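For reference, the structure discussed in these notes is given below.
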Amino acid sequence: MILLDRVTKTYGKVATPALDRISVHVEPKEFVIVVGQSGAGKTTLLRLLTREEKPTSGKIIVGGIDYDKLHDRDIPLLRRKIGVVFQDFKLLPNRTVFENVAFALEIVGATNHEIRATVPKVLDIVNLRGKEKRLPMELSGGERQRVAIARAIVRQPKILIADEPTGNLDPKHAWDVIKVLERINHYGTTVLLTTHNQEIVNKLKRRVVTLAHGQVSSDRAEAEYKI
C-alpha cells in the first residue's frame with residue numbers, strides 16, 4: 001500500500017537532509033503510528049506521501065502508483081486515494097457539519113443524490129448523526145476534529161493520514177478521535193497516524209515507526225514509546 005525505498009529529501013543547499021535514505025513498507029489495512037521529536041522528519045514524510053514535495057532520491061509507491069511516473073495532472077487522482085486530517089481542523093466556519101463534509105464531494109463533481117446518500121453514512125461512522133446542521137463554532141474541539149475526519153474519508157480513500165489529530169484536544173476528546181480512527185481502520189482503510197502523545201501510542205499497541213534526525217531509528221510492532 002505504501003512503499004518508501006531509500007528515500008532522501010534535502011531542502012536547498014542545507015547539508016543535513018530532512019529525510020536520509022529511509023525505507024518503510026506499510027501493508028493494506030495496517031494502522032501505523034509515526035513518532036519522533038520536532039524536526040525528526042515526520043512532516044516531510046507526509047508531504048512526500050501527498051506529493052506536496054518530491055524526493056531528492058529514492059522511490060515512493062502508494063496504492064500502486066509509482067511517484068516517479070506520476071504526472072502533475074494525475075496528482076488530484078492520487079489525492080482522492082489519500083485522506084488527510086490536520087491538527088487545526090481546517091473547517092469552513094460558515095458551513096454546517098453536513099455542508100463541510102459534502103464540500104469534499106462537491107469539488108469532485110458528485111451529484112446531489114450521491115451527497116445526500118453518502119454524507120449521513122459517514123457522519124454515523126464518526127458519531128455525529130444529529131449534528132448535521134450545527135456550525136463548527138457550536139461544536140467541541142473533538143467534534144470538530146471528527147467533522148474533519150468525516151470530510152477526509154467521505155470519498156472513501158484507501159489511505160488516511162492523520163497528522164497530530166489530537167494535538168489541540170483534551171484527553172477525553174482525543175480518545176474519541178482515536179476510536180474513530182480505529183473504526184475507520186477496521187472498515188479496511190490504511191491509517192497513518194503521527195502523534196506526540198505517549199499515552200495514545202502505548203495504549204493503542206500498534207506498529208510504531210520512530211524517526212530521528214531524518215532516519216528510521218526504530219520500526220516495531222506494538223512498541224512502547226517514551227518522549
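Values in this text are rule-based calculations from the coordinates and carry no lab data. Because the structure is predicted, anything quoted here is derived from the model rather than measured. When we count neighbours, we look across all protein chains shown, and the Cβ atoms used for this are built from the backbone with ideal geometry, even at glycine.
Data table
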read-out: Positions within the range 28-60 being assigned to a loop (DSSP other than H, G, I, E, B) and either under 11 Å from the mean Cα position of the chain (by Cα) or of a type in the set (Asp, Glu) (or both), in sequence order; value: GLU30, THR50, GLU52, GLU53
read-out: Those residues of the range 66-108 which are among the aliphatic types (A, V, I, L, M) and assigned to a helix (DSSP H, G or I), in sequence order; value: ILE75, LEU77, LEU78, VAL97, VAL101, ALA102, ALA104, LEU105
read-out: Leading residue by the ranking (nearest to ILE149 (Cα to Cα)) among those in the range 81-93 that are exposed (fewer than 15 other Cβ atoms within 10 Å of the Cβ) and in contact with a Pro (Cβ under 9 Å, 6 or more places away or on another chain); value: LEU92
read-out: Residues satisfying the stated conditions in the range 40-53, i.e. out of contact with any helix residue (DSSP H, G or I) (no Cβ under 7 Å at 6 or more places or on another chain), touching a residue at least 24 places away in the same chain (Cβ under 8 Å) and surrounded by fewer than 20 Cβ atoms within 10 Å (Cβ to Cβ); value: THR43
read-out: Close pairs from the range 167-189: first within 21 Å of GLU30 (Cβ to Cβ), partner among the hydroxyl-bearing types (Ser, Thr, Tyr), Cβ under 6 Å, at least 6 apart; value: VAL177/THR166
read-out: Tabulated pairs, the range 102-118, first among the β-branched types (Val, Ile, Thr), second in a helix (DSSP H, G or I), C-beta under 8 angstrom, 6+ apart or interchain; value: VAL108/ARG80; ILE115/ALA102; ILE115/LEU105; ILE115/GLU106; THR118/LEU105
read-out: Subset of the range 109-167 that is part of a loop (DSSP other than H, G, I, E, B) and among the polar types (S, T, N, Q) - its residue that is nearest to GLU199 (Cα to Cα); value: THR166
